[in-house]
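Report on one structure; see the data block that follows.
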Amino acid sequence: MSRLIERHPIWSLVILLAIAILAWLILAVWPPGLEEAIGRKKVFLNAVFNGITLGGLYFLVASGFTLIFGLMRNVNLAHGSLYLFGGYIGYGISTATGSWILAFLAAFVLVAIVGVLLQVLVFRRMEGQDLRQTMVTIGLSIVFADLMLWAFGGDFYQVQTPAWLIGPIQLPLMTAMKSSGEAVFLQYPLGRLVIFCGSVVIGVAMWLALNRTRVGMIVRAGVDDRDILAATGVQIQLVFVLVFALGAGLAGIAGVVGGTFQSISPGEDTRFLLASLVVVIVGGMGSIPGAALGALIIGLAEQLGSVYIPTYAIVVTFLIMVLVLALRPQGLLARR
């Protein structure tokens, strides 16, 4: 952090100022003039929390994508199809068994198996051929989309939420003050907060696994120089299969999460593929903290944009991506 401040003092000051303003908007009592200008504080807080929890979902999808694309240099444009397939599996398992946890386990395992098949049958035969990988996985995504449309139809599905996650929880954030002087606090869905906390736990575990364990060292070494690593006796192909399975499994988990507090339907695969690309570009390829930061920025931009500038909300997301590419092409927290 100190190094960042030394290199970019102006940008650091701007970021700190933006964080201070956001903290004041969240914690302070808004004066009447501010509410007249930008609307009620409750609407703003809901948009902020929706953006943060949506960022958690984007992180789950993009973290798998950054493992496969950023670390392993495999261009998997069928990643969105893995997300949608995981959502459908989660819906089917939760409907059949009534178990939300079992839906996560089944989605992770089955989508991870699909990832293994992709790595062994497709990517292993096209290592280092980025254009070929791109074209083949675009074709596979179209085939997967049609197969899922044939199997599940064009309806919207929602994964059954467990009873203990239904309903709001009161947060210690004041949204208004009654004429009697009594404070009104924000009520927010418990399910979204639990899912966001889960994504934070997964993100921390992934970072620790990649940076503090022998397996993570092997993965990073294999990306940098796989020939030297193979010469030491490490089964590099097995390592890459396991990493690909993990990335695919995370997309499957994200599908269940998306199906729980949003819905799953045809077209969601393309939406989340684009979101993953934008998040990885903004945060930096191969960086788990970068994926987290990028997901948070894009989630907040989407939700705040949809509330305050709904006509141009989608433009804000891509404007952020363009600015990052212009000012810092490697991403905000790119892996060195």
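Looking for something crowded, with 22+ Cβ neighbours inside 10 Å, of a type in the set (Gly, Ala, Ser) and more than 25 Å from Leu210 (Cα to Cα) - is there at least one such residue anywhere in segment 71-79? Checked against the condition, which is being crowded, with 22+ Cβ neighbours inside 10 Å, of a type in the set (Gly, Ala, Ser) and more than 25 Å from Leu210 (Cα to Cα), segment 71-79 yields no hits at all. Number of residues in segment 101-151 that are free of Cβ contacts under 8 Å to residues at least 40 places away in the same chain and open to solvent by less than 40 Å² (accessible area, probe 1.4 Å): the value is 4.
Could you list, in sequence order, the residues of segment 286-336 that are under 28 Å from Trp207 (Cα atoms) and outside any helix (DSSP H, G or I)?
In the first step, residues of segment 286-336 are kept if they are under 28 Å from Trp207 (Cα atoms); the result is 286-303, 317-318, 320-336.
Matches in segment 286-336: Gly286, Ser287, Arg328, Pro329, Gln330, Gly331, Leu332, Leu333, Ala334, Arg335, Arg336.
When Ala221, Ala275, Ala230, Ala248 are screened for being farther than 30 Å from Ile138 by Cα and either small (Gly, Ala, Ser) or under 13 Å from the mean Cα position of the chain (by Cα) (or both), only Ala230 passes.
Could you please find all residues in segment 253-268 being touching a strand residue (DSSP E or B) at 6+ places or on another chain (Cβ under 8 Å) and either on the phi > 0 side of the Ramachandran plot or open to solvent by 10 Å² or more (accessible area, probe 1.4 Å) (or both)? I'd like the intermediate steps shown before the answer.
Applying the first criterion (touching a strand residue (DSSP E or B) at 6+ places or on another chain (Cβ under 8 Å)) to segment 253-268 yields 255, 258-259, 261, 263-265.
Selection gives Phe261, Ser263.
Every residue, every condition in (1) open to solvent by less than 70 Å² (accessible area, probe 1.4 Å); (2) hydrophobic (A, V, I, L, M, F, W, C); (3) touching a Pro at 6+ places or on another chain (Cβ under 9 Å); (4) over 20 Å from Ile281 (Cα atoms), yes or no:
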{"position": "Ile15", "(1), (2), (3), (4)": "no, yes, no, no"}
{"position": "Ala18", "(1), (2), (3), (4)": "yes, yes, no, yes"}
{"position": "Trp30", "(1), (2), (3), (4)": "yes, yes, no, yes"}
{"position": "Glu36", "(1), (2), (3), (4)": "no, no, no, yes"}
{"position": "Gly39", "(1), (2), (3), (4)": "yes, no, no, yes"}
{"position": "Gly51", "(1), (2), (3), (4)": "yes, no, no, no"}
{"position": "Phe59", "(1), (2), (3), (4)": "yes, yes, no, no"}
{"position": "Gly64", "(1), (2), (3), (4)": "yes, no, no, no"}
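Scanning segment 276-300 for residues that are more than 25 Å from Leu208 (Cβ to Cβ) and either surrounded by 24 or more Cβ atoms within 10 Å (Cβ to Cβ) or in contact with a strand residue (DSSP E or B) (Cβ under 6 Å, 6 or more places away or on another chain) (or both) yields no hits at all. Quick one: in segment 233-245, which of the residues that are free of Cβ contacts under 8 Å to residues at least 12 places away in the same chain and under 18 Å from Leu210 (Cβ atoms) is nearest to the chain's Cα centre (by Cα)? Once the filter is applied, the top-ranked residue is Leu242. Could you please find all residues in segment 86-100 being open to solvent by 60 Å² or more (accessible area, probe 1.4 Å) and either among the hydrophobic types (A, V, I, L, M, F, W, C) or in a loop (DSSP other than H, G, I, E, B) (or both)? Scanning segment 86-100 gives a single hit, Ala96.
The values are calculated or read from the model by the stated rules, or taken from the named source; none is laboratory data. Quick caveat: nothing in here was measured; it's all calculated off a predicted structure. No Cβ is skipped: glycine too gets one built from the backbone with ideal geometry, and neighbour counts run over all protein chains shown. With ligands, DNA and RNA removed, areas are computed over all heavy atoms of the protein, side chains included. Shrake-Rupley method; radii C 1.70, N 1.55, O 1.52, S 1.80 Å.
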